[in-house]
Amino acid sequence: MSERPTTIVLFGATGDLARRKLLPGLLHLWGSGLLNDVRVVGTSLDDHTRESFVEFAQQAIAEFSSRKEARKDFQEFAKRLYFVRSDAGPEALKAVVAEAEQGYDGDSRPRRLHYLSVPPKAALSVIQTLAAADLVAYSRVVMEKPFGTDLATAVELNKKLHEVFAEEQIFRIDHFLGKEAALNILAFRFANGLFEPIWHRNHIDHIQIDVPETLGLETRAAFYEATGAYRDMVVTHLFQVLAFTAMEPPTSLEPQAITEEKNKVFRSMMPIQPENVVRGQFQGYRDLDGVAPESETETFIALKCYIDNWRWAGVPFYLRTGKRLAQGQRIISIAFKEPPKSMFPAGSGVSQHGPDHLTFDLADQSRMSLSFYGKRPGTGFRLDKHSMQFAMQESTGSAAALEAYERLIYDAVRGDHTLFTTSEGIERLWEVSQPLLDNPPPVRPYGQGSWGPNQIHQLVAPTAWRLPFEREWREPTA
Ligand code: BG6
């Protein structure tokens, strides 16, 4: 439980992320006692008063909070909400923060968290506003991705950021790392003796990180048009998840130890070659408001990449993500090498359903499955594919699970960097991305509701995409 009061200054307070995740998440952190003395100063370009911002927050929470009980706490929470227009300037911001923090000083001085839920091109001007408003000391700052748009802009952004904030004050957020299921990869790999000995090139054939979305762009077309699927999802979320999957055991669960191992993965990553990339754009994208009629922005990307170290040399990692696809899924699928099949008679069915897989589902209700061949009951020797499955809901304490943004805000308020990315890691990821950014393959159209352009099959041949699943997940028993 946190004892010190906390002020959250939320930039982009009326944006999509604030509505869907941040405002509902802050209410939950307060209502559950994790941030028991919190004030939220919302700021954005929208024309709100304090009262209308409270109404806005109430609507957002009614629409997007997954927790019914949180909504009844709203009236009390509303007293903790403040608003200031971002074009009112640094002095106005300073004054509203002072109003929110009235009565607190000295030892009870609130710790401050500035959350920049703003597009990359607005980030620096917010940093300068914070400096001009004298809101840098005793503060931490959360930066949303994408962090820069290539190596040069990321280096420049880091440089400018460091002119105002020290590195230990900066929290570069990647919400995939706050997902319960992502953390479970670490538990699964390093708290069990069974899998780590086979977690390498001798036993693993390939790995897929597949995050198709059915979602379109709703109100985000303008942001997305300048960003695209690679910058929105791959260079951020998918590579971070890849690092958890591929890293060596850290010496401890401390931030520095984990960061060091993740950065080693990024350092060993081979540059992304354009011929190993399929870019796609869903039909109809160019008709959206805010999108250029000749837009070459990709709404879909699939790629093959390699980590050139002793554990992973030669093992392909296949990544895919895109908008308006057939299903919304977030899986990591580890395909094990197949055994020699000499003893099984023709027609036994061995390997007919692909290799054995270990699958992590990163959904909010996360799941895991291990598939294997077993004998079909009866005469002869026919083989069927089975699986052992586990769903987080079956675990005691699943009700205490935090949503990704909740966990990360809570960690940032307390100064815990474990699940945040560093400038070194991010700059290296832009560096390996450069061949693709310099020379992107053409965008290929794909139908809405499909799995992307046809070229995705060549990319993974002779293996196949794991999705759509041949067999659905079993419903959890609890
Ligand atoms: C965001 C991207 O970071 O992640 C979105 O900007 C994407 O485009 C979202 O839809 C996916 O996150 P989640 O948690 O819903 O899988």
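The values are calculated or read from the model by the stated rules, or taken from the named source; none is laboratory data. Owing to the predicted nature of the structure, the values given are computational and were not obtained by experimental measurement. We place every Cβ from the backbone using ideal geometry, glycine too, and count neighbours over all the protein chains shown. Heads up: the accessible areas ignore ligands, DNA and RNA and are worked out on the full protein's heavy atoms, side chains in. Shrake-Rupley method; radii C 1.70, N 1.55, O 1.52, S 1.80 Å.
The separation of the range 204-223 from the range 387-445, counted between C-alpha centres, amounts to 13 Å. Annotation: peptides 289-297, 422-430, ranked by per-residue average of other Cβ atoms within 10 Å with the highest first, follow the order 422-430, 289-297. Here the Kirkwood formula, the inverse mean of 1/r across different C-alpha pairs, assigns the range 104-226 a hydrodynamic radius of 18.2 Å. Here the translational diffusion coefficient of the range 276-354 follows from Stokes-Einstein with Rh set to the Kirkwood radius across Cα pairs; for 10 °C and 1.306 mPa s it amounts to 96 µm²/s.
Residues of the range 407-440 with an amide N closer than 17 Å to a point placed 7 Å from the Cα of residue 3 along the Cα-to-Cβ direction: 414-415. Taking the alpha carbon gyration tensor of the range 1-159, multiplying each eigenvalue by 5 and rooting it gives semi-axes of 25, 19, 15 Å, largest first.
Rounded to the nearest 20 debye, the dipole size of the chain about its Cα centre is 1320 debye, using +1 on the Cβ of Lys and Arg and -1 on the Cβ of Asp and Glu.
With all protein chains present, how much of the accessible area of the chain (probe radius 1.4 Å) comes from carbon and sulfur, to the nearest whole percent? Here carbon and sulfur together make up 52 percent of the probe-accessible area. Derived scalar couplings between HN and Hα for the range 182-189 equal 5, 5, 5, 4, 5, 4, 4, 6 Hz in order, rounded to whole Hz, by the Karplus curve 6.51 cos²θ - 1.76 cosθ + 1.60 (θ = phi - 60°), x for Gly and Pro. Amide H to amide H distances under 5 Å link residue 8 with 39, 40, 41, 113, where only residues 5 or more positions off or on other chains count and H is placed in the peptide plane. Relative to the longest principal axis of the Cα atoms of the chain, the long axis of helix 404-414 lies at roughly 50 degrees. For the range 118-132, the Karplus equation 6.51 cos²θ - 1.76 cosθ + 1.60, evaluated at θ = phi - 60°, returns couplings of 10, x, x, 6, 8, 4, 5, 5, 5, 4, 5, 4, 4, 5, 5 Hz by residue, with Gly and Pro reported as x. Computed over the range 80-150, relative contact order equals 36 percent, with contacts defined as Cα pairs under 8 Å that lie 6+ residues apart.
Karplus-based coupling profile of the range 339-347, in residue order and whole Hz: x, x, 10, 4, 7, 8, x, 4, x, with θ = phi - 60° in 6.51 cos²θ - 1.76 cosθ + 1.60 and x standing for Gly or Pro. Partners of residue 21 within straight-line reach, counting lysines whose Cα lies under 23 Å from its Cα and excluding those fewer than 8 residues away in the same chain: 68, 72, 79, 121, 145, 179, 323. One Cα centroid belongs to the range 129-194, the other to the range 58-82; the line between them spans 27 Å. Cβ-Cβ distance of residue 134 and residue 190, R₀ of 51 Å, FRET efficiency by 1/(1 + (r/R0)^6): the value works out to about 0.70.
Over the chain, dividing the summed -39,500 (n - 2.57) contributions of all DSSP H runs of at least 4 residues by the number of residues returns a 222 nm mean residue ellipticity of -9000 deg cm²/dmol.
Heavy-atom accessible surface of the chain, averaged per residue, reaches 44 Å², computed with a 1.4 Å probe. Counting only alpha carbon atoms, the long axis of helix 423-438 and the longest principal axis of the chain meet at about 60°. Take every DSSP beta bridge whose two residues both sit in the chain, then give the antiparallel share in percent to the nearest 5. Of those bridges, close to 50 percent are antiparallel.
Going by a ≥ b ≥ c, the root eigenvalues of the Cα gyration tensor, does the chain fall in the rounded group (a/c under 1.5), the prolate group (a/b larger than b/c) or the oblate group? Judged from the Cα gyration tensor, the chain comes out prolate (a/c at least 1.5, a/b above b/c).
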